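Read the structure below first, then the notes.
The values are calculated or read from the model by the stated rules, or taken from the named source; none is laboratory data. Since we're looking at a predicted model, the values are computed, not measured. Backbone-built Cβ (ideal geometry, glycine too); neighbour counts: all protein chains shown. Remember, those area values only see protein heavy atoms, side chains included, never the ligands or the DNA or RNA. Shrake-Rupley method; radii C 1.70, N 1.55, O 1.52, S 1.80 Å.
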Amino acid sequence: MSKVNLSVPKGTRDFTPQQMAKRNYIFNTIRSVFQLHGFQPIETPSMEQLSMLLGKYGEEGDRLIFKVLNSGDFMSSVPENKEHSSNEVIKHISEKGLRYDLTVPFARFVVMNQNELTFPFRRYQMQPVWRADRPQKGRYREFYQCDVDVIGTRSLTEEAGLIEILDAAFGKLGINVVIKINNRKILQGIVDALNVGNRFTEFTIALDKLDKTGWDGVSKDLIDRGFPADVPSKLTQIMKPTNSRKELFEQLKYHLKSEAGVKGIAELEELFSYTDVLGIESEIKFDVSLARGLNYYTGAIFEVVAKDVAMGSISGGGRYDDLTGIFGLPDVSGVGVSFGADRIYDVMSELNLFPENINRSADILLINFSDESAKDLMLMARNLRKNDISAVVYPEAAKMKKQFSFADDYAFQYVLIQGPDEKTSGMITLKQMSSGKQVQITEKNLSEINQKGLLLLFQ
């Protein structure tokens, strides 16, 4: 029998109990903010019809979708005696794909369930997504997104509400962030001003790389794509840095005269009027270079970066006016943001932001002195759990040193000790692991104690 090469696919990971405790802390924190703002949970399948996914994310996004081979002899449907490109073959051998994000599946969900939903519909969704990207720091092929969307209204108060959610969630997690904001209509106004309005997608793909390549890289990309030679210099005039948000708005109003550009500026000014009232604690930055290359965005767009770690964006989103239209439900506008849980985890790990003893598995470890005491210990643990105190009986009558080492490794707050003499007198010793302090109580008192009483014992 050949030796199995034990590994996981590149860009995927196992998670230990300690890592899962930290991940669940992130999920639970973000979920609590979503629920505080009145959003409801849904889930969608890991796989979607490939025809539903393709064409929604731009040319680069389409290449990163994992295709799932058809069941059975999938090659039998490929025509013989004919040369095929990879894209042509895919049409014959794959009908499904792993979801690239949660937004497009959500749009499909809304259309299929429109008669059961009340609009505006407010949903959150916390599930994994997959992208056939090149793995690197902060970039994985399988990762979790935590999405929150409201669909069925065009009110810009919802954009402001999402910014409030971003501010609250990252505040609770202890991450200092910059919330970058732009509007896709402003970007359309820019390409209109550059007289290349029919090449919007190409333009945004090039501009979206500004953080990675700088202006020189964007200029080269635009020229390589065949844009007129004067486009880079005109672009730098339109987007030159200013000292204030007000000056930037005035600069854009001077250059952008098309209907899309004028409307985009007005929408952002209205949005900022709401966020100014809310008193958002996080830094909010109007970044006119922010593009977010996904094709379905039509209005405000958001991106969040951590101030203290070089990690790329840890959250992003925007307004999509007619994503459901491609599935047969036109004129239903939505807006949402997505939290990248895996990058958030990496940021919090690097900055040491997780609470102490986050890997605690239970409150009390019951020390096992003998096989004869197992039944008594099991009953004590059951009574503790009835009072919402988590408890574990050590399964074997091992040496005390080994059992206490176990308690340390799993961050138990207390150990319960009842040796033969204590059993005879009906007494129990509880030891607080952090301080070493010990108290004695009766078996009867133990069966009646709750979390508050447990804390009072050691005050």
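Residue check: is S361 at pLDDT below 95 and not in a loop (DSSP other than H, G, I, E, B)?
Working: at pLDDT below 95: yes; not in a loop (DSSP other than H, G, I, E, B): no.
In short, no.
If you go through the range 284-294 one residue at a time, how many are open to solvent by 30 Å² or more (accessible area, probe 1.4 Å) and more than 20 Å from the chain's Cα centre (by Cα)? I'd like the intermediate steps shown before the answer.
Initial filter on the range 284-294 (open to solvent by 30 Å² or more (accessible area, probe 1.4 Å)): 284-285, 292.
Still in the list and also more than 20 Å from the chain's Cα centre (by Cα): 285.
Total meeting the criteria: 1.
Is one or more of the residues making up the range 9-30 charged (D, E, K, R), under 17 Å from D147 (Cα atoms), in contact with a Cys (Cβ under 8 Å, 6 or more places away or on another chain) and assigned to a helix (DSSP H, G or I)?
Within the range 9-30, the subset charged (D, E, K, R) is 10, 13-14, 22-23.
Now narrow it down to the ones that are under 17 Å from D147 (Cα atoms): 23.
The next check asks that each one be in contact with a Cys (Cβ under 8 Å, 6 or more places away or on another chain); those that pass are none.
Checked against the condition, which is being charged (D, E, K, R), under 17 Å from D147 (Cα atoms), in contact with a Cys (Cβ under 8 Å, 6 or more places away or on another chain) and assigned to a helix (DSSP H, G or I), the range 9-30 yields no hits at all.
Sort out which residues of the range 93-120 are within 27 Å of T29 (Cα to Cα), touching a residue at least 60 places away in the same chain (Cβ under 8 Å) and in contact with a strand residue (DSSP E or B) (Cβ under 8 Å, 6 or more places away or on another chain), and write them in order of number.
Across the range 93-120, the qualifying residues are D101, L102, T103, V104, P105, F106, A107, V110, F119.
Could you list, in sequence order, the residues of the range 404-428 that are among the polar types (S, T, N, Q), open to solvent by less than 90 Å² (accessible area, probe 1.4 Å) and over 38 Å from the mean Cα position of the chain (by Cα)?
Step one: filter the range 404-428 for residues among the polar types (S, T, N, Q), giving 405, 413, 418, 424-425.
Retained after the next criterion (residues that are open to solvent by less than 90 Å² (accessible area, probe 1.4 Å)): 405, 413, 418, 425.
Across the range 404-428, the qualifying residues are Q418, S425.
Would you tally the residues in the range 396-446 being over 26 Å from N357 (Cα atoms) and part of a helix (DSSP H, G or I)?
9
Looking only at the range 207-230, filter to residues that are closer than 19 Å to G264 by Cβ and assigned to a helix (DSSP H, G or I); which one of those is most open to solvent (accessible area, probe 1.4 Å)?
Once the filter is applied, the top-ranked residue is L210.
Return a yes/no flag: does the range 345-359 have any residue that is surrounded by fewer than 24 Cβ atoms within 10 Å (Cβ to Cβ), in contact (Cβ under 8 Å) with a residue 24 or more places away in the chain and in contact with a Ser or Thr (Cβ under 8 Å, 6 or more places away or on another chain).
No - not one qualifying residue is present in the range 345-359.
If you take the residues in the range 114-129 that are outside any loop (DSSP other than H, G, I, E, B) and of a type in the set (F, W, Y), which one is nearest to the chain's Cα centre (by Cα)? Show your work before the answer.
Step one: list which residues in the range 114-129 are outside any loop (DSSP other than H, G, I, E, B), which gives 121-129.
Add one more test, that the residue is of a type in the set (F, W, Y), and what stays is 121, 124.
On the way: F121: 20, Y124: 11 Å.
Among them, the one singled out is Y124.
Restricting attention to the range 54-67, does a residue exist that is modelled with pLDDT of 90 or more and assigned to a strand (DSSP E or B)? Break it down stepwise before answering.
First pass over the range 54-67, keeping only residues modelled with pLDDT of 90 or more: 64-67.
Filter again for assigned to a strand (DSSP E or B), leaving 67.
Yes, some residue in the range 54-67 is modelled with pLDDT of 90 or more and assigned to a strand (DSSP E or B).
Within the range 132-156, track down each residue that is closer than 23 Å to Q114 by Cα and of a type in the set (S, T, N, Q). Step through it out loud before you land on a result.
Restricting attention to the range 132-156, the residues satisfying the condition of being closer than 23 Å to Q114 by Cα are 146-156.
T153, S155, listed by residue number.
Among the listed residues G312, G325, G318, G340, which satisfies the condition of being surrounded by fewer than 23 Cβ atoms within 10 Å (Cβ to Cβ) and closer than 21 Å to E60 by Cα? Lay out the reasoning, then the answer.
Values: G325 fails: closer than 21 Å to E60 by Cα; G318 fails: surrounded by fewer than 23 Cβ atoms within 10 Å (Cβ to Cβ); G340 fails: surrounded by fewer than 23 Cβ atoms within 10 Å (Cβ to Cβ).
On inspection, the qualifying residue turns out to be G312.
Quick one: which of A411, A391 is in contact with a Lys or Arg (Cβ under 9 Å, 6 or more places away or on another chain), under 20 Å from A21 (Cβ atoms) and at pLDDT below 95?
A411 is the lone residue from the list that is in contact with a Lys or Arg (Cβ under 9 Å, 6 or more places away or on another chain), under 20 Å from A21 (Cβ atoms) and at pLDDT below 95.
Criterion first (surrounded by fewer than 19 Cβ atoms within 10 Å (Cβ to Cβ) and touching a residue at least 12 places away in the same chain (Cβ under 8 Å)) does K386 satisfy it?
Numbers: surrounded by fewer than 19 Cβ atoms within 10 Å (Cβ to Cβ): yes; touching a residue at least 12 places away in the same chain (Cβ under 8 Å): no.
Taking the combined requirement at face value, the residue does not satisfy it.
How many of the residues making up the range 345-358 are part of a loop (DSSP other than H, G, I, E, B), under 27 Å from V392 (Cβ atoms) and either among the hydroxyl-bearing types (S, T, Y) or out of contact with any helix residue (DSSP H, G or I) (no Cβ under 6 Å at 6 or more places or on another chain) (or both)?
Keep residues of the range 345-358 that are part of a loop (DSSP other than H, G, I, E, B), which gives 352-358.
Checking which are under 27 Å from V392 (Cβ atoms) leaves us with 354-358.
Retained after the next criterion (residues that are either among the hydroxyl-bearing types (S, T, Y) or out of contact with any helix residue (DSSP H, G or I) (no Cβ under 6 Å at 6 or more places or on another chain) (or both)): 355-357.
Going through the range 345-358 one residue at a time, the tally reaches 3.
With the condition being farther than 26 Å from P128 by Cα, I'd like the strands (runs of 3 or more DSSP E) fully within the range 258-339 carrying at least 1 qualifying residues. Spell out how you get there, then give the answer.
Details: elements: 283-286, 300-306, 313-320.
Strands (runs of 3 or more DSSP E) meeting the threshold: 283-286.
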